Structure formats: structure tokens, C-alpha cells
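J.: Pasting in a structure now, in C-alpha cells, and then I'll have a few things to ask.
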């Protein structure tokens with residue numbers, strides 16, 4: 001455990017003593033200023049749930065990508081050769097991303113409370129927090145796959161394709177709160193794609209994104225079923241499978257890392 | 001201690017190692033020399049698990065990663081740490097207990113001469129300082145096996161001598177050392193064993209005295225060496241080399257020497273100078289990589 005803690009400490013210190021770390025914090029502050037604090041008339045619960053949850057889900061993905069790429073350097077040789085297995089290194093990256101996102105999300109949320117039209121009851125946070133956390137974990141694991149660090153052969157192409165497919169699913173499910181299925185099909189029509197012809201693809205994409213949309217529904221505190229209540233857990237399960245895949249590709253990879 | 005059997009490794013179409021065999025005895029300082037691209041760094045990276053072999057096996061089962069120290073070819077460090085801070089973190093990653101950590105870091109810093117600048121940030125550090133830091137992190141916790149890729153690169157003569165002393169001291173304390181270098185002078189001074197690599201093969205390997213035979217050569221300088229005489233001498237079986245008016249012969253081969261001198265006497269050629277020369281590692285190396293020596297693997 002102390003070895004993992006030291007690796008996390010090494011990666012996180014290196015990140016936040018660099019300009020990149022400053023940019024990461026600045027990005028979160030900019031989001032807070034633009035999307036929350038500058039909204040006239042205040043914000044309501046659903047707005048905060050969607051915007052903060054969605055933003056930090058995506059931010060975790062970007063940060064997962066960024067941190068993995070930063071560690072994909074020959075300066076990591078000294079760390080990697082000391083570890084009993086490479087999965088510990090990936091676990092450290094994942095922890096860095098999750099901790100960073102959760103801390104930033106917490107700060108943004110606390111500052112957002114001042115702009116709420118009506119306070120969110122304490123009990124509601126037990127629905128919101130798991131949904132947000134599962135999104136951060138999921139985003140972080142997807143982000144690691146987008147980096148050069150775990151690329152093995154064509155794996156990164158597959159990761160980008162899966163991400164694109166996921167975004168289509170998000171679009172069709174309207175999890176951003178604004179888009180309806182009708183709007184999505186109109187968007188497809190504009191690209192000269194007949195939505196009926198790709199109906200089965202859309203069905204799969206929607207099914208894959210269901211845990212994300214269900215998690216948001218739970219966080220909005222709408223009426224939800226037992227299965228929808230388990231959506232955050234399902235998302236974390238999916239994230240563990242994605243992480244396992246990253247471990248498998250990274251484990252087999254020849255590490256001839258680029259110079260700093 | 002380490003048994004490398006029929007190791008092969010390809011990077012795309014390039015065969016970095018080709019059915020290479022090597023046994024590294026415990027307690028030895030084993031030098032790997034060879035031209036750029038010979039496969040030295042690849043072999044070392046295989047041993048520390050950074051790359052995986054396509055075929056063959058490496059038996060270092062008696063060791064765990066904590067017992068192997070590694071100095072990469074071009075060491076890089078996260079520049080925003082101080083030297084001691086970085087070594088402490090690496091020590092913890094290696095599994096050194098908190099009780100031992102301070103002592104281990106201090107010892108590594110003392111041995112590599114970095115103690116006085118331990119609180120300096122690595123950013124802007126000289127090549128020599130970073131190379132010493134690379135050694136400091138490799139020798140932390142006194143590993144049983146030290147794998148060093150170009151440890152003398154970028155060091156000034158004083159630091160090179162200090163590095164040699166550190167290696168000899170570690171070896172005396174029980175560490176087995178495998179090092180790759182282009183600096184033949186350092187090899188002759190510190191290594192007990194040597195392997196010459198070329199194009200993924202080992203051309204020569206063994207104890208230093210086996211790889212660099214203790215034999216000397218005799219150089220005969222003549223007043224004039226006519227072509228017909230040179231042809232007659234060339235026809236004599238043996239390792240005879242010509243350089244202008246000079247003939248270079250192995251000192252130990254009495255029959256060959258007598259035969260050559262007989263030809264010279266018959267032709268009435270005067271020997272103006274006769275000298276004995278000890279074969280250097282450089283000559284052995286150049287002869288080996290230019291195809292003068294038969295590849296041992298084949």
C-alpha cells in the first residue's frame with residue numbers, strides 16, 4: 001500500500017508542480033465562473049446535477065488521458081522497474097485522476113451552493129454523490145485508454161471508435177437533458193443517415209449508455225426503479241472491466257518510452 | 001545467477017536479438033560491448049522487464065524486482081523534485097521500510113557524491129549530476145543485481161573514476177553487475193567478464209582473459225616488401241597481416257614466425273625493426289565486429 005501511495009504522490013506532485021497542473025485547476029475554475037456563477041437568476045438542482053456531473057465525467061476522461069500521456073516518458077522507467085507489476089502503475093494513475101477530479105468537483109459544488117435557487121436537501125446528496133462519482137471513475141478509465149501509454153497495436157483506434165459509439169448513444173439518449181430522441185434523429189438526417197436503417201446500432205448505443213442516463217435520473221431524484229438505482233454501481237463495474245483491459249494491454253506492451 | 005537461453009527479440013522487421021545465450025555468474029562484473037544497434041540496451045531492458053522477448057527464456061527467478069537496480073541508457077527524471085525528495089519516493093516505491101529509508105538515501109547520496117546538493121532541484125542539473133543521480137537510485141537498497149546501461153556516459157574523468165570505484169565497492173559487497181558501455185578502457189578496469197555483441201548475436205564471451213587473449217603480436221618492419229614476397233608470405237597458413245612495409249604476426253606461433261623469416265632471408269630482405277605488441281581490447285573488439293572472429297552463436 002505504501003508503494004502505491006508513493007507512486008500516487010510522485011505522479012500528483014509532478015503534475016501540480018507543473019504548468020499543466022495549473023491549467024487543470026484553471027479549467028475547473030473557468031467552468032465554475034462561466035457555467036454556474038455567471039448564470040443570472042441562480043441555478044436549480046437539475047442544472048447543477050447535469051452540468052457539474054457531466055462536466056467532471058468528461059474532465060476525468062481528459063485528465064485520465066493527460067496524466068497517462070504525461071507518465072508515458074522514459075522518466076517513468078525508474079518507477080516501473082521497481083514495481084512488482086505494471087498494474088500498480090496504472091492504478092496509481094487512476095487514483096490520481098479520481099482524487100483530482102473529486103477534489104475539484106467538491107470545491108465547485110460547494111461554491112455552486114451559493115447560487116442555488118433552493119437548497120438541495122442533505123438526503124439528496126446520497127443520490128447525487130454516487131452518480132457523480134461513478135461518472136468520474138468511468139471517465140477516468142476511458143481516458144486512460146485514449147493515451148499512448150496503454151496503446152497496444154490498434155487498441156487506441158478501437159478505444160476512439162468505442163468512444164464515438166458512446167457519444168452517439170449519449171446523443172440518442174438525450175442524457176445532456178436538452179436533446180430528445182427526435183432532435184438526435186434530425187441531426188442524423190442532416191448527415192444523410194436514415195435513422196431507421198441504423199436503428200439497431202442506435203439501440204445498442206442507447207443500451208450501452210443506459211447506466212449513464214439512469215445515473216442522472218437517480219441524481220435528479222425523479223422516480224426511479226431498483227435497476228436504475230443500481231446504475232452507478234453498474235457504471236463502476238463497466239469502469240473496472242475497461243480498467244482491466246487497460247491493465248492487460250499495458251502488461252503486454254514493450255516499453256520503449258519517448259524521451260522527455 | 002542469470003541464465004539467458006536462446007533469446008530473440010524483433011522490433012518490426014528489425015531483429016534486435018537473435019537466439020542469444022549468456023550466463024552471468026553471481027558476483028561478476030559483466031561488460032557488454034558492441035556497436036550501436038548491436039542489441040545491448042534491448043538485452044538490458046529485457047532483463048528488467050521493460051520489453052518482453054519473442055522467444056527464449058531468462059532465468060533470474062532467484063531475484064525479485066526490489067533486488068535489481070537499473071540505470072537506463074539516457075536517464076530522465078521528473079525535474080520538479082529535489083534529489084533527496086525523489087530518492088525517498090523511489091525508495092518507498094521499491095518497498096524500503098520507513099526505518100531504513102533515510103539511511104539508504106543517505107548512503108546512496110554519499111556513494112555518488114550527491115550529498116552536498118541533495119536539496120537541489122533536478123531542473124537544470126548537469127548531465128554528470130543526473131548520471132550520478134541515476135546511479136544513486138539504482139544502488140539504493142544495495143541490490144543483488146545492478147543493470148547499468150552506459151553508466152559512464154556524460155561524466156568527466158574524475159566522475160568516471162569515482163563511478164568505477166563505486167562499482168568495484170558494490171561488487172566487493174556482493175552485487176553482481178551487468179553493464180553496457182562503449183568505453184573500452186573502463187571495461188578493462190572494472191569487468192571480470194565480457195561479451196561482445198554485434199547485430200543481435202554474441203561474438204565473444206567469457207572471462208576477460210579469455211576474450212582478450214594474453215598473447216602478444218610481433219611486428220616486423222622491413223626496408224622493402226616486394227609484391228612477390230608478400231604473395232609468398234600470404235600463402236603461409238596463419239594470421240598474418242600486412243601494413244605497408246610491416247608484417248604483423250602472432251607471437252605465440254613459432255612455426256609461422258620461422259616460415260615468414262625463412263621467406264624474408266631467401267628474398268634477402270632486411271628487417272629494420274622488430275617489436276612486440278600486446279593485443280588490446282580495442283583491437284580484439286574491432287577484429288570481432290569487422291568479422292575477424294567467428295560468431296559464437298552460429
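What follows draws every value from the coordinates through simple rules; no lab data is involved. Keep in mind that this is a model prediction, so the values were computed, not measured. Here the Cβ is made from the backbone with ideal geometry for all residues, glycine too, and neighbour counts use every protein chain on show.
J.: Can you name every residue in region A:111-125 that is under 19 Å from residue A:218 (Cα atoms) and touching a helix residue (DSSP H, G or I) at 6+ places or on another chain (Cβ under 6 Å)?
T.: A:120
J.: Suppose the filter is over 25 Å from residue A:159 (Cβ atoms), over 18 Å from the mean Cα position of the chain (by Cα) and crowded, with 22+ Cβ neighbours inside 10 Å; does residue A:19 pass it?
T.: On the way: over 25 Å from residue A:159 (Cβ atoms): yes; over 18 Å from the mean Cα position of the chain (by Cα): yes; crowded, with 22+ Cβ neighbours inside 10 Å: no.
Judged against the criteria, residue A:19 is not a match.
J.: Same structure, new question: Right, residue A:7: surrounded by 14 or more Cβ atoms within 10 Å (Cβ to Cβ), within 14 Å of chain B (Cβ to nearest Cβ) and assigned to a helix (DSSP H, G or I) or not? Step through it out loud before you land on a result.
T.: Numbers: surrounded by 14 or more Cβ atoms within 10 Å (Cβ to Cβ): yes; within 14 Å of chain B (Cβ to nearest Cβ): yes; assigned to a helix (DSSP H, G or I): yes.
Yes, satisfied.
J.: Check every one of the helices (runs of 4 or more DSSP H) wholly within region B:67-145 and list those with 1 or more residues that are surrounded by fewer than 19 Cβ atoms within 10 Å (Cβ to Cβ), within 13 Å of chain A (Cβ to nearest Cβ) and more than 24 Å from the chain's Cα centre (by Cα). Give the steps one after another, and end with the answer.
T.: Working: elements: B:83-93, B:98-111, B:127-139.
The helices (runs of 4 or more DSSP H) meeting that bar are B:83-93, B:98-111.
J.: Next question, about the same structure. Tell me whether region A:84-105 contains one or more residues that are over 25 Å from residue B:81 (Cβ atoms) and surrounded by 20 or more Cβ atoms within 10 Å (Cβ to Cβ).
T.: Looking for residues that are over 25 Å from residue B:81 (Cβ atoms) and surrounded by 20 or more Cβ atoms within 10 Å (Cβ to Cβ), one finds at least one in region A:84-105, hence yes.
J.: Out of A:140, A:129, A:91, which single residue is within 14 Å of chain B (Cβ to nearest Cβ) and either out of contact with any strand residue (DSSP E or B) (no Cβ under 8 Å at 6 or more places or on another chain) or not in a loop (DSSP other than H, G, I, E, B) (or both)? Don't jump to the end; show me each part of the working.
T.: Working: A:140 fails: within 14 Å of chain B (Cβ to nearest Cβ); A:129 fails: within 14 Å of chain B (Cβ to nearest Cβ).
Going through A:140, A:129, A:91 in turn, the sole match is A:91.
J.: Assuming residue A:72 fulfils every condition listed in (1) touching a residue at least 40 places away in the same chain (Cβ under 8 Å); (2) more than 14 Å from every other protein chain (Cβ to nearest Cβ) apart from one, which condition is it?
T.: Exception for residue A:72: condition (2).
J.: Report yes if some residue within region A:143-161 is within 14 Å of chain B (Cβ to nearest Cβ), on the phi < 0 side of the Ramachandran plot and not in a strand (DSSP E or B); otherwise report no.
T.: Of region A:143-161, the ones within 14 Å of chain B (Cβ to nearest Cβ) are A:149, A:152-153.
Going one step further and asking which of them are on the phi < 0 side of the Ramachandran plot, we end up with A:149, A:152.
Narrowing further to those that are not in a strand (DSSP E or B): A:149, A:152.
There is at least one residue in region A:143-161 that is within 14 Å of chain B (Cβ to nearest Cβ), on the phi < 0 side of the Ramachandran plot and not in a strand (DSSP E or B).
J.: Separate question: For the structure I just gave you, tell me whether residue A:42 is in contact with a helix residue (DSSP H, G or I) (Cβ under 9 Å, 6 or more places away or on another chain) and at positive phi.
T.: Details: in contact with a helix residue (DSSP H, G or I) (Cβ under 9 Å, 6 or more places away or on another chain): yes; at positive phi: yes.
Here the answer is yes, as residue A:42 does meet what is asked.
J.: Here's something else I'd like to know. Quick check, is residue B:10 more than 22 Å from the chain's Cα centre (by Cα), within 14 Å of chain A (Cβ to nearest Cβ) and under 22 Å from residue B:198 (Cβ atoms)? Full working, then the answer.
T.: Details: more than 22 Å from the chain's Cα centre (by Cα): yes; within 14 Å of chain A (Cβ to nearest Cβ): yes; under 22 Å from residue B:198 (Cβ atoms): yes.
Against the criterion (more than 22 Å from the chain's Cα centre (by Cα), within 14 Å of chain A (Cβ to nearest Cβ) and under 22 Å from residue B:198 (Cβ atoms)), residue B:10 qualifies.
J.: Let me ask something else. Is it the case, given these coordinates, that residue B:255 is within 20 Å of residue B:282 (Cα to Cα) and either over 33 Å from the mean Cα position of the chain (by Cα) or in contact (Cβ under 8 Å) with a residue 24 or more places away in the chain (or both)?
T.: On the way: within 20 Å of residue B:282 (Cα to Cα): no; either over 33 Å from the mean Cα position of the chain (by Cα) or in contact (Cβ under 8 Å) with a residue 24 or more places away in the chain (or both): yes.
No.
J.: Tally up the residues in region B:31-59 that are away from every other protein chain (no Cβ under 13 Å), within 18 Å of residue B:176 (Cα to Cα) and either free of Cβ contacts under 8 Å to residues at least 40 places away in the same chain or buried (at least 22 other Cβ atoms within 10 Å of the Cβ) (or both), please.
T.: So the answer is 5.
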